[in-house]
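Just so you know, all these numbers are worked out from the coordinates, no wet-lab data involved. Computed from a prediction, not measured in an experiment: that's the story for all the values here. Cβ placement follows ideal geometry from the backbone for every residue including glycine, while neighbour counts extend to all protein chains displayed.
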Amino acid sequence: MATLLTCCLSERDKSQRLTSRDIDRRLNRDRMTFRRTVRILLLGAGESGKSTFLKQMRIIHGVDFDNEDLQEFKSIIYNNIVKGMRVLIDARDKLGIPWGDETNVKDANFVFSFDGNNKLDDHTFLQYVEPMKNLWNDNGIRTAFDRRREFQLGDSLLYFANNLDRIGQLNYIPTKDDILLSRKATKGIIEKILHIRGVPFMFIDVGGQRSQRQKWFQCFEGITSILFLASSSEFDQVLMEDRKTNRMQESCFIFETIINNKSFVNVSVILFLNKMDLLTEKVKAVNISDYFPDFQGDPHNIENVKTFLLRMFDSRRRDKAKPLFHHFTTAIDTKNIERVFRDVRDTILHDNLKSLMLQ
């Protein structure tokens, strides 16, 4: 009996030792992974392109969107279109722009009656497609769209409105371009780990609206690099939060706070002047000196404008000993982001070789 008890205790001890060793191995592996993980914090004002950049990281590094993701993006896209059209209907009225065709009032009333708190499914969205096509073809709505800097309208409505025939099909599945152009405000903190060339990269996306910035400090510890995104095309627009602060000035203020923060002395901060596609189109018609009188040069020359915007951000840095790493980007352009991130990745890994234990 005693021999049997001793044998049972011995087997139990052996099992516990094996379990303990297994736990220790896993803890050591987790510690090594933690120490090797590159933590990239995405910062910037609302609608600067942070979430779009994160989507691009998934696309570029082969992390496909599953069916659940596609259904979620489909609902977001439906809401982007209907809400955007509601904004145009309201703007046309408030700006006193006459209808091109008075018979479109009925369609406008129907679309405007949509409850923005509701999610749209396929069948419900289809009810709005023909009315929205009629509205999009109305001169009054188009005139309101041309004056969109005077109110708050998402950047992607033009793209989606021009693709209503395709999106309005019952068997519609969002394309990668649709996904990249869809817009849902980030609330809280979103983390995504991608393994790139055998190195774990953790991308941390936090909301850029003023109400969300109080959460930023929660993400500061252990950061390897900060990618600061600023929407370069918003020099003539104001914030949604207060309807008076220039968006470019707000981005510069946030950048100044981050770049001069003592917590980031050893953290590489890389500036992305984003939405170059929109800026290139805008400078053809809009004079930046109307909003920034200290601008010098040709306001319709894209290179002059890019130089001015970069200097605006660079002037906010107190420590000029280090160069300002920067890129001019278009977050919805996969090839552009792939090329830019390759440079960013190499810079980050080179600067953090020892701390990441990658020798």
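Toward the positive end of the charge dipole of the range 67-181, with +1 on the Cβ of Lys and Arg and -1 on the Cβ of Asp and Glu, the farthest Cα among ASN139, GLN127, TYR159 is that of ASN139. Shape analysis of the range 258-359 places it in the oblate category; the axes a ≥ b ≥ c from the Cα gyration tensor give an a/c of at least 1.5, with a/b not above b/c. Taking only alpha carbon atoms, the range 67-181 gives an Rg to Rh ratio of 0.96, where Rh is the Kirkwood radius. Among ARG339, ARG316, ARG183, a tally of other beta-carbon atoms within 10 Å of each Cβ gives an order, fewest to most, of ARG339, ARG316, ARG183. With a cut-off of 14 Å between beta carbons, the residues surrounding HIS300 carry a summed charge of -2, where Lys and Arg count +1 and Asp and Glu -1. Amide hydrogen proximity for VAL238: with H placed 1.01 Å from N in the peptide plane, the residues at 5 or more positions away or on another chain lying under 5 Å are ARG247.
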